[in-house]
Amino acid sequence: MQRSPTSHKGENGKVAVIGGSRFMHGAPIFSALAAEASGVDLIYLVLPDWHENVAKGMSLNFQVYPFLAEEELSKADIEPILELLATMDCAVLGPGIDHSDEKSKKALIEIIEGASCSLVLDATALQPETLKAAKGKSAVLTPHLGELERMEIAPKDLQKSAEESGIVILLKDQVDKIAGPNEKYEEVEGGNAGLTVGGTGDALAGLIAGLIAQKMDPFEAAIMGSKIIKGAADRLEKKNGFAFTTADVIGEIPNLIKDMS
């Protein structure tokens, strides 16, 4: 990644992560840590009140804001989150949000519709209404096959959906498939079964957001993010077999970015 030697704090990327629920604190934190590992200047983390201190303990660089209703994302959070996103370069929406909470899902869709920054949408942010809500925005969607099905998109229609919405879609699989508008398409091989450990998808979303915040094109950021996560798994498997964690994967990000730059 290149940057001006005369740049100031905040000019090399500001990322917000909105996620988490009562029983899922790790997902948004993994996204935030991966964004941090990408090299961005500032990270803002919005999550349930009871996870605030855990999040603060994971990085001194995180600026942490609790949900107003404490337990779950709700209507009360929409306006302050949109005000925050208006100052961001990119935001990750969805990791760890309770997928059974209808109020949280509705709030997510309204935030997607109103967001003025680039977006990376993952996990619970991937709903049947998501493509419509994000249409025309600078956005990357990162579904696995189950989430793609929940969005009511058949794998064979991946490119068509990207073209019609103007959005980049990264389908996570043994071979990642990345479709974008203007007939852009790429497949990324590599990685291994160690990536089944919880949190690697959250890390991918945060990494892509960090790259976009540093002025990388969303389609290219999705490709690079996929290559880095898979490359990290390949490096770790050689050292540890399949006994590695998402934190280990995130630890490999800076060197892999350096190698690819």
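Bear in mind that the values in this text are calculations on the coordinates, not laboratory data. Remember, it's a predicted structure, so these values are computed and weren't measured experimentally. No Cβ is skipped: glycine too gets one built from the backbone with ideal geometry, and neighbour counts run over all protein chains shown.
Quick check: convex hull over the Cα atoms of the chain, volume per residue in Å³, rounded to an integer?
116 Å³
Normalised by the number of residues in the range 52-141, what is the relative contact order in percent for Cα pairs under 8 Å and 6+ residues apart?
25 percent
How big is the antiparallel share of DSSP beta bridges in the range 14-260, given as a percent to the nearest 5?
25 percent
Residue-wise, which Karplus ³J(HN,Hα) couplings in Hz belong to the range 66-77, taking 6.51 cos²θ - 1.76 cosθ + 1.60, θ = phi - 60°, and x for glycine or proline?
The phi angles translate into x, 4, 5, 8, 6, 7, 9, 4, 9, 4, 4, 8 Hz.
Can you give me the long-range amide H partners of Val120? Hydrogens built in the peptide plane at 1.01 Å from N, cutoff under 5 Å, separation of 5 or more residues or another chain.
Sorted by chain and number, the residues that satisfy this are Ala91, Val92, Leu93, Val140.
I'd like to know which of Ile169, Met224, Pro155 lies farthest towards the positive end of the charge dipole of the range 14-260, counting +1 on Cβ of Lys and Arg and -1 on Cβ of Asp and Glu.
Going by the charge dipole, the pick is Met224.
To check my understanding: the extent here is largest minus smallest coordinate of the Cα atoms along each principal axis. What are those three numbers for the range 78-137, in Å, largest first?
The Cα atoms of the range 78-137 stretch 30, 23, 16 Å along the principal axes, largest first.
Could you run the Karplus curve 6.51 cos²θ - 1.76 cosθ + 1.60 with θ = phi - 60° over the range 249-261 and give me ³J(HN,Hα) per residue in whole Hz, x for Gly and Pro?
Result, ordered by residue: 4, 4, x, 7, 4, x, 5, 5, 4, 4, 5, 8, 7 Hz.
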